[in-house]
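Q: To start, I am sharing the structure in question, which I have written as structure tokens.
The values are calculated or read from the model by the stated rules, or taken from the named source; none is laboratory data. Bear in mind that the values here come from a model prediction, so they are computed numbers and not experimental data. Every residue, glycine among them, receives a Cβ derived from its backbone with ideal geometry; neighbour counts consider all protein chains shown. Quick note on the areas: whole protein, heavy atoms, side chains included, nothing else; ligands and nucleic acids left out. Shrake-Rupley method; radii C 1.70, N 1.55, O 1.52, S 1.80 Å.
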Amino acid sequence: MGRRSEQARVFPSPRSDDWQRIVDEGVDSVEVKILLGPAADAAAAALTGRTTSRWRLRRVYLLDTPDLDFARSGVEMRLRRRARGRHDLTVRARRRHGGARRPQPPGARVEFDVLPGAVWHTVELRRDVDASLAEAVAAGSAFPRELLTGEQEEWMRAAAGSLPAAALATSLVVHGPLRVSRVGVPDSRFRAGRAHLEHCRYPSGRELVEFSTRCPPESAGRVAEEVTRFLASQGVAPSRSHATKTAIWLDELTRCAASDDDALPTPRPGS
């Protein structure tokens, strides 16, 4: 009984009204996410059943102003280098569930990210981008704005609210990369849906491991319960604290920028 009550505290009960409110929102999907306590290789061995796992590396960049004005307003422009040299660009607006609504462009994907203790509402426009242009932007030899479609840029301006987006769009720079390694969990082990582990390495040396699975909104409560049960059955403990990967990265970037500012020489009077 103790174990079941401990598991129930990770996510709300499938019978909770919280899940019905998610269904009522009419979103496209729900992604259930949970940070894990063990190191990446130990978690992967326990959850995949393999002594060694084949991690696929992704590099993720944020396109933003030097001071991360867009990300601070809840708007992210994310460039990813995926497996086999593929690239995509996502413009997304994220807010905590229940917060102020943002404009929703035609063709956008709408999803809830459900973490222990928090639900995030995400609206995104994603497209594949030319590999050579993406690499040029990452290397600093092409302008980040060249990656945006007209629809993405228009929505970025609308979603950014009070920011002078038209002017800021011309001063975008590339932040990153964030190194994200990814491995799939066999369907034979986790039967509630396709699941993955992601291992993030931050510039400070901090690491995190996240287990996630995507499902239809009407299945989210049951799937979240299955996530908790699966982790417990494999002896994998959740982390004591939970946050999104991007939130941690923004904190890292902000700390790095503050350190750089502190390192600048103090101007002398009259200089």
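Q: State the antiparallel share, in %, of DSSP beta bridges confined to the chain, rounding to the nearest 5. Write down the numbers at each step before the final one.
A: Working: 56 of 60 bridges.
The answer is about 95 percent antiparallel.
Q: Between A232 and R189, what is the label-to-label distance in nm when each label sits 7 Å out along the Cα-to-Cβ direction?
A: Placing both labels 7 Å along Cα→Cβ, they lie 1.9 nm apart.
Q: Sticking with this one: Could you tell me which residue out of P14, V114, T244 lies farthest along the dipole of the chain toward its positive end? Charges go on the beta carbon: Lys and Arg +1, Asp and Glu -1, centred on the Cα centre.
A: Result: P14.
Q: Rounded to the nearest 0.05, what FRET efficiency do A247 and D69 give with R0 = 22 Å and r taken as the Cβ-Cβ distance? Could you check?
A: Details: r = 16 Å, r/R0 = 0.74.
According to the calculation, E is roughly 0.85.
Q: Give the accessible surface of the chain per residue, rounded to a whole number of Å², with probe radius 1.4 Å and ligands, DNA and RNA excluded. Mind dumping the intermediate values first?
A: On the way: 14220 Å² over 271 residues.
Value for the chain: 52 Å² per residue.
Q: Next question. Relative to the Cα centre, what is the charge dipole magnitude of the range 148-251, using +1 at the beta carbon of each Lys and Arg, -1 at the beta carbon of each Asp and Glu, and rounding to the nearest 20 debye?
A: 440 debye
Q: Run lengths n ≥ 4 of DSSP H only: what is the helix-derived mean residue ellipticity at 222 nm for the chain, with -39500 (n - 2.57) per run over all residues, to the nearest 500? Provide the component values of the computation, followed by the final result.
A: Working: 9 runs with 84 residues, N = 271.
The helix-only estimate for the chain comes to -9000 deg cm²/dmol at 222 nm.
Q: Ok, one more. What percent does the relative contact order of the range 122-243 come to when contacts are Cα pairs within less than 8 Å and at least six residues apart?
A: Numbers: 93 pairs, mean separation 16.5, N = 122.
It comes to 13 percent, rounded to a whole number.
Q: In whole percent, and with a 1.4 Å probe on the protein chains, what portion of the accessible area of the chain is carbon and sulfur? It would help to have the intermediate numbers written out before the result.
A: Details: 6840 of 14220 Å².
Carbon and sulfur together cover 48 percent of it.
Q: Under a crude label model (7 Å from the Cα following the beta-carbon direction), how far is L57 from A39 in nanometres?
A: Once both label points are built, they end up 1.9 nm from each other.
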